[in-house]
Amino acid sequence: DNVCEKAKQYLKEVRVPILIPFEVQTFSWCLKPPSFRCLKTRYVHRNGYKMEARVFTKKEKVCCKGYIEIDERCIPICSNACIHGKCVAPEKCDCAPGWSGDTCNVPCLDGKWGEQCDNNCNCYHNSTCDKITGRCICAPGYTGSLCENSCTKNRFGKECAFVCGCLNGGECNFVTGECFCQPNYYGVKCEAYNCSKSNNCSLLEIQTEYEFYMKIDKEKSVDNMTRRNVIMMTLIFPIILIILMATAILLLKYKQKIYRMKLLLAFINDFSNEARKSKSNWAENAKQGAFFTKTSGIKQTNGSCNNQKAMLAIAEDFNFDSAFEKEAKLNTAKKSDDELKQSLSIEDLESMSYNEPFIY
């Protein structure tokens, strides 16, 4: 946007073709002694090139007139800064709502608002409006979105924010707050009574004065009550704060006590579990000891049985050896004794002389 094309001339060297002349000499026969040869010269051309500077034109993009290039953008130029607006075109300001003028330095006149102050205020009773938003700003004594309503009874002033203080039935001006007193009453607040034309002057004066002082006493009582409430709150608040702090401390101590009891119970449970484990381990060890004792007794019994078996085998071997010796002696006696005709066998000898050994 806001970019224009501009013709720009520039020089550039280019190579241009040219004809370059040069001399060519030749000899030919002629009638000139002594050689009868004559020199002839002629000129010919050959193609060549030369560098020549020429002017060219090209188009380039530039910011249009009245614009300046900033950050690769064409920004409009306003000679005088736009105070309450922005520059949207060369020497042209776009003013913010509520302002006008060439440099946006002129506020909208009363009754106008918005951009370039083109909108009219529609507020009643000579009220003005906000120059930016157009919201009605009511004159004293009026209210409403268009300031179309006057203040209600006993109210006056800007935005009807003030209360009338007229006494004895007096009414106030909803704009200024001035009191309009009933007949025979006067004063800024209609607090005085003119009884020169009345026969009950003393009674009315007393009644008027009584009402005036009663109102003053009522206002004082309200002020005193408010003051007492403030004092009570000032005293009660620290007490409540102390009670809350004490409650928090007691609750914290209670939680700490519960935590300690939980730790004690956990310790007792751990101790009882350790006792049960020790008891079970002792019983298991006792069982294993009895088993090992019985096993060793059985092993010892087996060992003594084996010893007795070995002794029995030795005794049997000894008896068998004695039987063989007796048989040999008998055979010898047989040979010497002719009267012994019958030889004894080893079985008969065993039946006669073998005795069971007695094992202790």
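When you check Glu171 against the structure, is it of a type in the set (Asp, Glu), touching a strand residue (DSSP E or B) at 6+ places or on another chain (Cβ under 6 Å) and under 30 Å from Tyr193 (Cα atoms), yes or no? Yes. Condition first: within 48 Å of the chain's Cα centre (by Cα), at pLDDT 90 or above and either assigned by TED's automatic domain parsing to the domain that holds Glu23 or surrounded by fewer than 18 Cβ atoms within 10 Å (Cβ to Cβ) (or both). Can you find one or more residues in the range 50-66 that meet it? Within the range 50-66 (the criterion being within 48 Å of the chain's Cα centre (by Cα), at pLDDT 90 or above and either assigned by TED's automatic domain parsing to the domain that holds Glu23 or surrounded by fewer than 18 Cβ atoms within 10 Å (Cβ to Cβ) (or both)), the answer is yes, since at least one residue qualifies.
In this entry, Lys32 is excluded by the filter for residues that are at pLDDT 90 or above and among the basic types (Lys, Arg). The set of residues in the range 74-97 that are part of a loop (DSSP other than H, G, I, E, B) and within 42 Å of the chain's Cα centre (by Cα) comprises Ile83, His84, Ala96, Pro97.
Yes or no, residue by residue, for (1) surrounded by 10 or more Cβ atoms within 10 Å (Cβ to Cβ); (2) at pLDDT 80 or above; (3) of a type outside the set (S, T, N, Q):
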{"position": "Lys220", "(1), (2), (3)": "yes, no, yes"}
{"position": "Asp223", "(1), (2), (3)": "yes, no, yes"}
{"position": "Met232", "(1), (2), (3)": "yes, yes, yes"}
{"position": "Ile236", "(1), (2), (3)": "yes, yes, yes"}
{"position": "Thr247", "(1), (2), (3)": "yes, yes, no"}
{"position": "Lys262", "(1), (2), (3)": "yes, yes, yes"}
{"position": "Asn269", "(1), (2), (3)": "yes, yes, no"}
{"position": "Asn281", "(1), (2), (3)": "yes, no, no"}
{"position": "Glu284", "(1), (2), (3)": "yes, no, yes"}
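Within the range 71-78, is even one residue surrounded by 15 or more Cβ atoms within 10 Å (Cβ to Cβ) and on the phi > 0 side of the Ramachandran plot? For the range 71-78, residues surrounded by 15 or more Cβ atoms within 10 Å (Cβ to Cβ) and on the phi > 0 side of the Ramachandran plot: absent. Look at (1) surrounded by fewer than 13 Cβ atoms within 10 Å (Cβ to Cβ); (2) outside the structural domain of Thr133 (by TED's automatic domain parsing); (3) in contact with a strand residue (DSSP E or B) (Cβ under 9 Å, 6 or more places away or on another chain) and you find that Pro33 fails only one, number (3).
Here is a yes/no grid of residues against (1) in a loop (DSSP other than H, G, I, E, B); (2) farther than 29 Å from Gly101 by Cα; (3) of a type outside the set (S, T, N, Q):
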| position | (1), (2), (3) |
| --- | --- |
| Gln116 | no, no, no |
| Asn126 | yes, no, no |
| Leu167 | yes, yes, yes |
| Phe174 | yes, yes, yes |
| Gly177 | yes, yes, yes |
| Pro183 | yes, yes, yes |
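Within the range 89-104, at least one residue is without any contact (Cβ under 8 Å) to a residue 12 or more places away in the chain and closer than 30 Å to Cys63 by Cβ.
The values are calculated or read from the model by the stated rules, or taken from the named source; none is laboratory data. Not measured: the values here are computed from a predicted model. With ideal geometry, Cβ positions are generated from the backbone for all residues, glycine too; neighbour counts draw on all protein chains shown.
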